[in-house]
Amino acid sequence: MASVFKRGGKGNRGGYWYVSWFDHTGKRRSKCARTTDKATAERIGAKLETDAAKRREGLIDPQLEQFASEARRSLAEILVEYKAKLESGARTPKHVKYAVEFVRSVAAFAEFTTVGEIAAEGVDRYARHLLDSGRSARTIQAHLNAAKGFTRWLVEAGKLPRDPLSAVKKPNPNADRRRSRRMLLPDEWPRLESATIDGPVRFGMPGEERALLYRTAIQTGLRVSELGSLSRASVVLDAPRPYVRVKAADTKNSKPAQLFIDRELADALRDHVAPKTPTARLFALPYATNLARMLRADLEAARNAWMKEAQQEPEEFTRREQSDFLASDNHEGQSLDFHSLRHTCGAWLALSGAHPKTVQAVMRHSTITLTMDTYGHLLPGAEAEAADRLGAMVSLRSASDDSEENVLRMTGTDSESAQRLAQQSRRDSTRRGAAACDGREENAAEQKSPKPLAIGNLGDALQDDAMLFASSGGGIRTPDTRIMIPLL
């Protein structure tokens, strides 16, 4: 039975009445009735007691009631909880900031004030608004990702029974890419490195340190933030294979990274870190936006030096002037910024013939699809070469007298692989030739046949009796049902 009381004793005559009752789990609860009338408070208590009884009997679903309660909560209040969830999940401060800001922008435009008001129609109108404002498909996708991530969390946290934005479709960022990066060509790198080393101090970094930074970025494929997190202790130079390691807290996918480097870069880094303390930063990087300006200035210096070499040759000078060699922006609208050095790492790996899974591992892509979509076009003629090799192997299996030299010539493999293929071909040919022995075996069987097994002469009467049951018992010629059907 619900009871009513006032807090503060008899001195609180004009205060609110409180209600106490037992919920459907048997736990005693109390709440303010927000009324100064005792009879009204008693009716509220009776209602709470009745609802608890209905929940115990299954007439009211507590989970649906919880959904309804959460749907009435303020969206701003729920966003505070969502932000705490993102921060506890080892998300970067930048990710948390933009995720919450994007959700607030969507809610403000669509006029969502509570969780229950979130609907796909309002989010679709917001996406259309961004598109009409000239925002790129990639930007719209980022805003929709934040909104859809928020509603997925609402379902996982038990605040909504279903995701209201499951039907919202995100645009394809490749269909409207505003910025297209190009890789640094292999012929451009020596000139860029030389011009950088001989160049002046830019944004607080001397030329030799900048060249070392560019080389490290190309060999490891590290991002700007990951390069900025490196310290002297991050470079392991005394291992059999030198490598650079990045802590899980400093990588984009929150996983530790270990990236191998060659001996030449390891020796250059050894001289660079010699005067540094173990906790000192490996590179004194300027602000992120200045990194692109720094690289573009070094590219311009390298291009000017390259153009200067052809001043005495008018035709060559004109040709170089019209080319995109060492240009930060080419005629196709592709730009070369600092992040392009990471793109250069993956592109050079693809051009060198590295296996796509190797490229994926070095670039630390989440899926092989992302790797192939980004660098698959850098393998021209790979399909035609694969067809030639497949045809050569087909010809190899159909020819039994090919020499190992022919195997090597047709497949383009090394001698050891060619020997294995040739041996396999000879074994297959031997198996196919083994069919010729069948005739000899048959002839031998005709010349010397085994002795026939003597069969007793059965009586005619027995044979006639057996014929009576020829079609019974599934072909078992016996009248005994215990033998015909063993289960009987």
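Summary of values
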read-out	value
Evaluation of Arg342 against (1) surrounded by 17 or more Cβ atoms within 10 Å (Cβ to Cβ); (2) charged (D, E, K, R); (3) over 23 Å from Leu222 (Cβ atoms) (one fails), failing number	(3)
Among (1) closer than 16 Å to Trp189 by Cα; (2) surrounded by 15 or more Cβ atoms within 10 Å (Cβ to Cβ) - the single one Leu269 does not satisfy	(1)
Segment 326-338, residues that are part of a loop (DSSP other than H, G, I, E, B) and surrounded by fewer than 16 Cβ atoms within 10 Å (Cβ to Cβ)	Asn330, His331, Glu332, Gly333
Criterion violated by Val80 - all others in (1) out of contact with any helix residue (DSSP H, G or I) (no Cβ under 6 Å at 6 or more places or on another chain); (2) within 16 Å of Arg152 (Cβ to Cβ) satisfied	(2)
Restricting segment 361-372 to residues that are without any contact (Cβ under 8 Å) to a residue 24 or more places away in the chain and more than 17 Å from Phe260 (Cβ to Cβ), the residue that is surrounded by the fewest Cβ atoms within 10 Å (Cβ to Cβ)	Thr367
Tally of residues being in a loop (DSSP other than H, G, I, E, B) and of a type in the set (Gly, Ala, Ser) across segment 206-255	4
Test result for Leu75, under 30 Å from Arg104 (Cβ atoms) and at pLDDT 85 or above	yes
Selected residue (criterion: farthest from Leu349 (Cα to Cα)) from residues of segment 238-254 that are in contact (Cβ under 8 Å) with a residue 12 or more places away in the chain and out of contact with any strand residue (DSSP E or B) (no Cβ under 9 Å at 6 or more places or on another chain)	Ala249
Which listed residue is under 27 Å from Pro242 (Cβ atoms) and not in a loop (DSSP other than H, G, I, E, B), from Asp271, Asp373	Asp271
Qualifying residue in segment 297-315 (condition: within 22 Å of Leu212 (Cα to Cα) and outside any helix (DSSP H, G or I))	no
Residue list for segment 194-240, restricted to those being crowded, with 16+ Cβ neighbours inside 10 Å, among the small types (Gly, Ala, Ser) and within 30 Å of Trp306 (Cα to Cα)	Ala195, Gly199, Gly207, Ala211, Ala217, Gly221
Qualifying residue in segment 75-96 (condition: crowded, with 17+ Cβ neighbours inside 10 Å, under 27 Å from Asn253 (Cα atoms) and within 23 Å of the chain's Cα centre (by Cα))	yes
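The values are calculated or read from the model by the stated rules, or taken from the named source; none is laboratory data. Since the model is a prediction, treat every value here as computed from it, not as a measurement. Cβ coordinates were reconstructed from backbone atoms using ideal geometry, including for glycine residues, and neighbour counts include every protein chain displayed.
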